[in-house]
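The values are calculated or read from the model by the stated rules, or taken from the named source; none is laboratory data. Keep in mind it's a predicted model, so treat the numbers as computed, not measured. Please note: Cβ atoms are built from the backbone with ideal geometry, for glycine as well, and neighbour counts cover all protein chains shown. These accessible areas exclude ligands, DNA and RNA; they are computed on the full protein's heavy atoms, side chains included. Shrake-Rupley method; radii C 1.70, N 1.55, O 1.52, S 1.80 Å.
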Amino acid sequence: MQDEIIAEVDPRGPRRIIGISMLLMLGGLVLYLAFVSPPASLGWQVFLIGMGLVSLWLAHKLQVATTRKLYLTETALTDSDGTLLARVEDIVSVSRGAFAMKPSNGFTLKLKNPAPREWQPGLWWRLGRRVAVGGVTPGSQARPMADIIAILIARRKA
């Protein structure tokens with residue numbers, strides 16, 4: 001039997017569209033600049049072309065990543081593709097305050113054990129003992145998820 005979903009974060013909406021659009025415009029503008037008004041040095045032109053292509057690649061990666069949703073159950077935080085972000089039993093703390101190092105409209109989890117690095121732009125990243133959720137996610141969904149995780153941690157410690 002599958003765990004019941006307690007909270008969900010769905011990044012669809014204006015923030016997602018604006019994020020993808022900005023990266024597409026940046027990539028297009030830099031490529032336009034590289035070809036229409038090339039710099040005097042070939043090295044700078046190659047740099048501009050590279051930056052434009054990287055921006056377009058990031059726009060695509062953001063578009064693909066933000067088709068996913070995040071699900072919180074009693075036991076784990078996962079995404080809709082089945083990727084395990086963190087087990088609730090491994091979460092030590094949640095940082096969600098105004099001055100916490102976290103993504104926009106999101107939160108950061110500190111884990112007991114390091115996990116493999118992974119990144120889904122605009123949605124979540126994991127590096128060592130840190131998992132961060134946020135970017136183009138709606139704060140109205142991410143804040144309650146962070147609060148529920150904090151409650152699950154407190155209940156586990158009690």
What lysines does K61 reach when the alpha-carbon gap must be under 21 Å and sequence neighbours fewer than 8 apart in one chain are set aside? K69, K102
Cα-based convex hull volume of the range 69-158 per residue, rounded to whole Å³: 85 Å³
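Out of the total accessible area of the chain (probe 1.4 Å, heavy atoms of protein only), what percent is carbon and sulfur?
Values: 5750 of 9180 Å².
Carbon and sulfur: 63 percent of the exposed surface of the chain.
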Summing -39500 (n - 2.57) over the DSSP H runs of n ≥ 4 in the chain and dividing by its residue number, what mean residue ellipticity at 222 nm do you reach, to the nearest 500 deg cm²/dmol? -14500 deg cm²/dmol
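When a/c is below 1.5 the answer is rounded, else prolate if a/b is larger than b/c, else oblate, so apply that to the range 22-100 with a ≥ b ≥ c taken from the square roots of the Cα gyration tensor eigenvalues. Present the calculation step by step, with values, prior to reporting the outcome.
Values: a/c = 3.91, a/b = 2.74, b/c = 1.42.
Since a/c reaches 1.5 and a/b is larger than b/c, the shape of the range 22-100 is classed as prolate.
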One finds the C-alpha centres of the range 89-119 and the range 49-67 to be spaced, in Å, by 24 Å
Any idea what angle helix 14-36 forms with the longest principal axis of the chain, computed on alpha-carbon atoms, 0 to 90 degrees, nearest 10? 20 degrees
Would you kindly give the portion of the calculated P(r) for the range 4-148 that falls above 27 Å, as a percent of all Cα pairs? 31 percent
State to the nearest 20 debye the size of the charge dipole of the range 51-143 about its Cα centre, where the only charges are +1 on K and R beta carbons and -1 on D and E beta carbons. 260 debye
Take the Cα gyration tensor of the range 18-62, multiply each eigenvalue by 5, square-root it, and list the three semi-axes largest first, rounded to whole angstrom. 21, 10, 5
From the square roots a ≥ b ≥ c of the eigenvalues of the alpha-carbon gyration tensor of the range 111-153, which class results: rounded (a/c under 1.5), prolate (a/b over b/c), or oblate? oblate
Relative contact order (%) - the range 49-158, alpha-carbon pairs under 8 angstrom, separation at least six: 22 percent
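Please get the size of the charge dipole for the chain, origin at its Cα centre, with Cβ charges of +1 on Lys and Arg and -1 on Asp and Glu, quoted in debye to the nearest 20. It would help to have the intermediate numbers written out before the result.
Details: 19 positive and 11 negative charges, 93 e Å.
Computed about the Cα centre, the dipole is about 440 debye.
Taking only protein heavy atoms into account and a 1.4 Å probe, give the accessible area per residue of the range 37-158 in Å². It would help to have the intermediate numbers written out before the result.
Details: 6540 Å² over 122 residues.
Ligands and nucleic acids excluded, the figure is 54 Å² per residue.
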Rank L33, P116, H60 by how far each Cα sits towards the positive end of the charge dipole of the chain (+1 on Lys, Arg Cβ; -1 on Asp, Glu Cβ) and give me just the farthest. P116
The range 75-127 - charge dipole about Cα centre, Lys and Arg +1 at Cβ, Asp and Glu -1, debye rounded to 20: 240 debye
